[in-house]
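Only one structure is covered here, and it is reproduced in the block below.
The values are calculated or read from the model by the stated rules, or taken from the named source; none is laboratory data. The shown structure was predicted, so the numbers you read here are calculated from the model rather than taken from an experiment. Reconstructed Cβ throughout: ideal geometry from the backbone, glycine too, with neighbour counts over all protein chains shown.
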Amino acid sequence: MIEGIEHLYEQIAESIQDSIPEEWATAKMEAVFYPDGSQYLGEYTRKSDGVARNFTTDLGGERAFRELRKLFRNAEQPLWGRARFEMTSDGQFSMKWEYNDCDDEGYAKFDEEVELRNSEDRHRRLTT
């Protein structure tokens with residue numbers, strides 16, 4: 001286990017809870033690190049009807065993901081290009097690291113067609 005990682009999990013969980021404007025059942029925050037920048041996405045399901053919605057991530061959660069990468073780098077662990085923090089409203093959570101489609105530096109490879117398709121799928125799922 002990498003020292004200091006639990007505190008960052010708590011920061012991500014708190015940022016998710018603070019960012020969602022209504023009662024929710026499940027939520028997730030995703031981070032993608034490219035060589036030239038990063039992207040953060042938030043999504044939750046409403047408790048009342050289970051409908052999926054997006055939320056705007058806050059700087060605290062985004063900062064925690066960046067710090068997680070620094071901890072991995074400092075511990076000389078393989079770097080991941082994508083990560084997803086999933087949680088339930090009762091506080092249970094899981095963290096998933098994605099190493100597929102990363103370059104030698106641990107950054108996600110950008111494929112415009114794939115990213116456009118993912119964006120369109122997410123938009124369709126969250127607005128229907």
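Within the range 81-97, residues that are more than 19 Å from Gln39 (Cα to Cα) reach partners that are among the small types (Gly, Ala, Ser) and surrounded by 16 or more Cβ atoms within 10 Å (Cβ to Cβ) with beta carbons closer than 7 Å, at six or more positions or on different chains, in the pairs Met87/Ala13; Met87/Ala27; Phe93/Ala13.
The single condition from (1) in contact (Cβ under 8 Å) with a residue 24 or more places away in the chain; (2) assigned to a helix (DSSP H, G or I); (3) polar (S, T, N, Q) that Gln17 fails is (1). When Met1 is tested against the conditions (1) out of contact with any strand residue (DSSP E or B) (no Cβ under 8 Å at 6 or more places or on another chain); (2) part of a helix (DSSP H, G or I), the lone failure is (2).
Name the residues in the range 11-51 that are among the small types (Gly, Ala, Ser) and more than 15 Å from Thr88 (Cα to Cα), would you?
The answer is Ala31, Gly37, Ser38.
The one condition from (1) closer than 17 Å to Tyr9 by Cα; (2) crowded, with 16+ Cβ neighbours inside 10 Å that Glu98 does not meet is (2).
The number of residues in the range 73-95 that are farther than 17 Å from Gln11 by Cα and not basic (Lys, Arg) comes to 8.
Filtering the range 76-88 down to residues that are farther than 12 Å from Glu30 by Cβ and at pLDDT 95 or above, which residue is surrounded by the most Cβ atoms within 10 Å (Cβ to Cβ)?
Initially, the range 76-88 is screened for residues farther than 12 Å from Glu30 by Cβ, giving 76-79, 87-88.
Restricting the remaining residues to those that are at pLDDT 95 or above gives 87-88.
Values: Met87: 21, Thr88: 13.
Out of the qualifying residues, it is Met87.
Would you call Phe33 in contact with a helix residue (DSSP H, G or I) (Cβ under 9 Å, 6 or more places away or on another chain), surrounded by 11 or more Cβ atoms within 10 Å (Cβ to Cβ) and touching a residue at least 60 places away in the same chain (Cβ under 8 Å)?
When the stated conditions are applied, Phe33 passes them.
Within the range 52-61, being farther than 21 Å from Gly91 by Cβ and surrounded by 12 or more Cβ atoms within 10 Å (Cβ to Cβ) holds for one residue alone: Asn54. When residues in the range 4-30 are screened for being among the β-branched types (Val, Ile, Thr), surrounded by fewer than 18 Cβ atoms within 10 Å (Cβ to Cβ) and under 14 Å from the mean Cα position of the chain (by Cα), 1 of them pass.
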